[in-house]
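Heads up, the thing below is written out as C-alpha cells.
Laboratory data are not the source of any read-out in this text; all were calculated from the coordinates shown. Keep in mind the model is a prediction, meaning the values are calculated, not measured. We place every Cβ from the backbone using ideal geometry, glycine too, and count neighbours over all the protein chains shown.
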C-alpha cells in the first residue's frame with residue numbers, strides 16, 4: 001500500500017523564503033497586482049488528499065486521515081535544493097537526517113528511534129514498492145539507491161501510523177517517490193546546473209502520448225563535480241535514465257517503469273577538530289592518497305583501490321503497478337519491483353585523533369611522503385586513517401498484492417506481501433596507516449605501522465553471502481461509526497527466512513552459518529474524530545517488529561546460537577490534531593514509542609542489546625496570504641531515554657546523536673515585475689539542539705547546537721525560461737552532525753561538519 005498526497009499548486013504564492021530575502025523583496029520596485037490576482041487561497045487550494053494511505057484505498061482528505069503523513073511536490077523539492085536524497089528528509093517533521101557524508105551514506109533517524117548509523121527504521125519506496133526490502137545493511141542505507149531528478153513528481157512520508165502492517169512492515173518512516181506520467185500533450189524540460197564548486201550537470205525530461213490512453217515519460221541526468229568539499233578531482237560523477245509507461249483503462253491503470261543509475265561520490269568522514277585549518281571545507285581524500293594499496297587475506301594478498309570512488313549505486317530499479325476498480329465495490333492493487341546492482345563503499349576512515357609525527361615516527365622526529373618524497377617535521381599533525389573497502393552486490397524482488405471490498409460504512413482489505421533479497425559482500429576494513437592531516441594529505445613512510453603489512457590496530461575482512469525471503473499476510477478494516485467518527489484496525493502475520501554464510505578473514509573458511517526461520521505478528525488500530533469541518537483529532541496504537549537481516553546475525557551470532565529469535569519489538573502511540581482552514585494548515589502529532597534494539601560500535605565487534613523510549617511532538621504549520629507571502633513552520637521536540645542496557649552505566653541516558661529539538665522556518669514571497677516577469681524569494685532558517693555523540697552522554701563529547709540559513713530566488717523570465725539561484729549555509733556555519741562513532745578517548749577528537757557555504761545556479765527551458 002502506498003501513501004499518495006495530491007496538492008493543488010495553482011498558486012505560486014506557496015513558495016518559501018527567509019526573512020532576509022523578504023526584506024530584499026519588499027525593497028524592490030515591483031507591482032503586487034499579480035499576487036493580488038492569486039487571492040483565491042481557499043480550502044480547495046490548500047487541501048491535500050491522501051489517496052491510498054488508508055487500508056481501503058479510498059481517497060480521503062489529509063485532515064481526515066488517522067496517521068501523520070507529509071507530502072512534497074516537485075516545486076517544494078526544488079526550493080529545498082537538496083544536495084542528496086537524504087538531504088530532502090530534513091524537511092519531514094520528526095526526522096533527523098545526517099546528510100553531510102556526501103551523495104550517499106547518510107544516517108537517518110525518526111521519532112527518537114535509536115540507531116548507531118545508517119537508517120535502520122527507514123523504507124524508501126518508488127511508486128509504492130520498496131526499493132530494497134531490508135531497511136538498512138552495514139554500509140547501505142536505502143536512500144543511497146535513489147537519486148532525485150526531474151522525473152520525480154513528488155515525495156510523501158508516512159511516520160509511524162500503519163507502517164507496521166502494510167508494505168514491508170517496517171516501523172518508523174516510509175518515504176515514497178512518485179514519478180511523472182505522460183499526458184495527451186507532449187511536453188518536456190532541459191536544465192543546466194552549475195555551482196561555485198565546479199558542478200556541471202544537465203537534466204532532461206520529455207513526456208507525451210504513444211497511442212490512445214498510452215503515455216510515456218523519459219528523463220534523466222549526467223553530472224560531474226569535484227564535490228562541495230573540493231577533493232581536487234572529479235569526486236562526484238553520475239548519470240541516470242528513467243522510463244515510465246502508463247496505460248489508462250476504463251476501470252483503472254497499468255504502469256511500468258525502469259530506472260538505471262550509475263552515480264557515486266566521495267565519502268566525507270569525521271575530521272580532527274583540534275587541528276588548525278581543518279573546517280567545513282576539509283576532506284582528507286585527495287589526489288595524493290585516493291589510490292592506495294592494502295594487504296588482506298591469509299596469504300597476504302596486496303591490491304590497489306581507488307578510494308576516491310566513495311559511496312554510490314550502480315544498478316537498476318524496475319517495477320510497476322496494476323490498479324483496477326472491479327464491480328460491486330471491489331478494488332485490486334498489485335505493486336512490484338526488481339532491484340539489482342552494486343552499492344560499493346571506498347573510504348579513508350579516521351581511527352583516533354590527530355597526534356604529532358614525532359610521537360609515532362621510527363626515528364622520533366621525521367617521516368617522508370610516500371608520493372612526493374617530502375620530509376615532514378616532527379610537529380606535523382598526523383592521524384591513523386583506515387583504508388576501507390566494502391563491495392556489496394544486492395538483488396531483490398518484491399510484490400505486494402491487495403484486494404479491497406468497500407461497503408456503505410467501511411471497507412475490508414486483504415493483502416499478500418512477498419519479497420526475496422540477497423547481498424553478497426566482500427570487506428576489508430581497518431588497514432590503518434598514518435597520513436598527514438591536510439587537504440588530501442599523503443601517506444607516510446618511516447613509521448613502523450605504515451611500513452608493516454599488519455594493521456596498526458585491527459583489520460576485519462569478510463566474504464559473505466546472504467539470501468532472505470519474507471512472506472506476509474495482512475488484513476485490515478475501517479468503519480464509520482458516525483458521520484464524524486471512523487475506526488480502523490489492521491493485522492499482519494509475517495514469516496522471515498534468512499540463509500547466511502560468512503568467511504571471516506578471507507581464508508576460505510566459513511566461520512558463521514545461519515539458517516533462520518521465524519514468524520511475527522504486527523497490528524495497528526486507530527480512531528479519527530472530525531468534530532468540526534476540516535478539523536479533528538486521531539489516536540493510533542501499533543505493535544510492530546524490526547526483523548533481523550544479515551548484519552544482525554553477524555553482530556549477534558552468539559545470541560543466535562543461543563536460540564534467540566533476534567526480533568526486536570517496537571511499540572508506538574500517536575495522538576494528532578489537524579485543522580485545515582481557508583489559508584492555513586496545522587498538523588500537530590504527539591508520539592510515544594518503545595524500541596528494543598542492538599548497537600555495535602564497530603562492524604568487527606559484537607552488538608549489545610538495549611531498550612529505548614522516546615516521546616515528543618511534531619508540528620507542521622503552513623500559512624498563505626493573498627499578498628504573495630507564505631510561511632511554513634516545521635518543528636520536532638522530543639525526549640529519549642535508554643531504559644534497559646547490557647551496561648548499567650548507560651541506563652537513564654539519552655539516545656546518542658538525537659537532538660532534543662529541531663526547528664525549520666521557511667517564509668517566501670512572490671512578486672511580479674512590471675515587464676511581466678515574476679520571481680519567488682525563499683529561504684529556510686534551521687535550528688538544531690545539542691546532541692550526545694555517544695551512548696554514555698559524556699559532557700566532553702557533546703555536539704553543540706547550531707543554526708543555519710539558506711536563501712534562494714527563482715526567476716520566471718517567461719512561460720518557458722526559468723532560473724534559480726540557491727545559497728546553502730549563507731553564514732558558513734560550522735555545525736557538527738556527528739562525532740566519531742569509532743572514537744576511544746574521552747575527548748571529541750573527530751567530528752563531521754555540515755557542508756559549508758555553497759552557491760548553486762540552474763537555468764531551464766520548458767516546452
>> Order these by the 10 Å Cβ neighbour count, fewest first: 594, 639, 618.
In response: 639, 594, 618
> For residue 561 and residue 734 in the same chain, what is the full-extension length gain: residue separation times 0.36 nm, less their Cα-Cα distance, in nm?
Replying inline: 57.7 nm
> Relative contact order, percent, of the chain when contacts are C-alpha pairs under 8 Å separated by at least 6 residues?
Replying inline: 15
> Sorting 557, 765, 624 on the 10 Å Cβ count, fewest up front, what's the list?
Replying inline: 765, 557, 624
>> Let me check the size of segment 425-483 from its C-alpha atoms; what are the radius of gyration and Dmax in Å?
In response: 26.2, 80
> Rounded, prolate or oblate: which fits segment 161-302, taking a ≥ b ≥ c as square roots of the Cα gyration tensor eigenvalues, rounded meaning a/c under 1.5, else prolate when a/b beats b/c?
Replying inline: prolate
>> One quarter of the convex hull surface, Cα atoms only: what value does that give for segment 540-593 in nm²?
In response: 5.5
>> How large is the Kirkwood hydrodynamic radius of segment 331-427, counting all unique pairs of alpha carbons, in Å?
In response: 19.1
>> Taking 0.36 nm per residue of sequence separation and subtracting the Cα-Cα distance, how much length would be gained by fully extending the chain between residue 254 and residue 314, in nm to one decimal?
In response: 18.9 nm
> the chain: Rg/Rh from Cα coordinates, Kirkwood Rh?
Replying inline: 0.96
>> Viscosity 0.692 mPa s, temperature 37 °C: give me the Stokes-Einstein translational D for segment 631-692 in µm²/s, with Rh taken as the Kirkwood radius over C-alpha pairs.
In response: 219
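For the chain, what is the calculated [θ] at 222 nm in deg cm²/dmol (nearest 500), taking -39500 (n - 2.57) for each run of four or more DSSP H residues and dividing by its residue count?
-1000 deg cm²/dmol
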> Regarding segment 130-229, what whole-number volume in Å³ per residue does the convex hull of its Cα atoms give?
Replying inline: 146
>> Please report the projected area of segment 522-657's Cα convex hull averaged over all directions, in nm².
In response: 11.4
> residue 414 versus residue 501, label points 7 Å from Cα toward the beta carbon: distance in nm?
Replying inline: 4.0
> For residue 407 and residue 761, what does the FRET efficiency come to when R0 = 60 Å and r is the distance between their Cβ atoms, rounded to the nearest 0.05?
Replying inline: 0.65
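Sorting 225, 143 on the 10 Å Cβ count, fewest up front, what's the list?
Least to most surrounded, the residues fall as 225, 143.
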>> Going by Cα centres, segment 440-465 and segment 221-248 are how many Å apart?
In response: 32
> By the gyration tensor of its Cα atoms, with a ≥ b ≥ c the square roots of the eigenvalues, what is the shape of segment 651-753: rounded for a/c under 1.5, prolate for a/b over b/c, or oblate?
Replying inline: prolate
> Which shape class applies to segment 87-166: rounded if a/c is under 1.5, otherwise prolate when a/b exceeds b/c and oblate if not, where a ≥ b ≥ c are the square roots of the Cα gyration tensor eigenvalues?
Replying inline: rounded
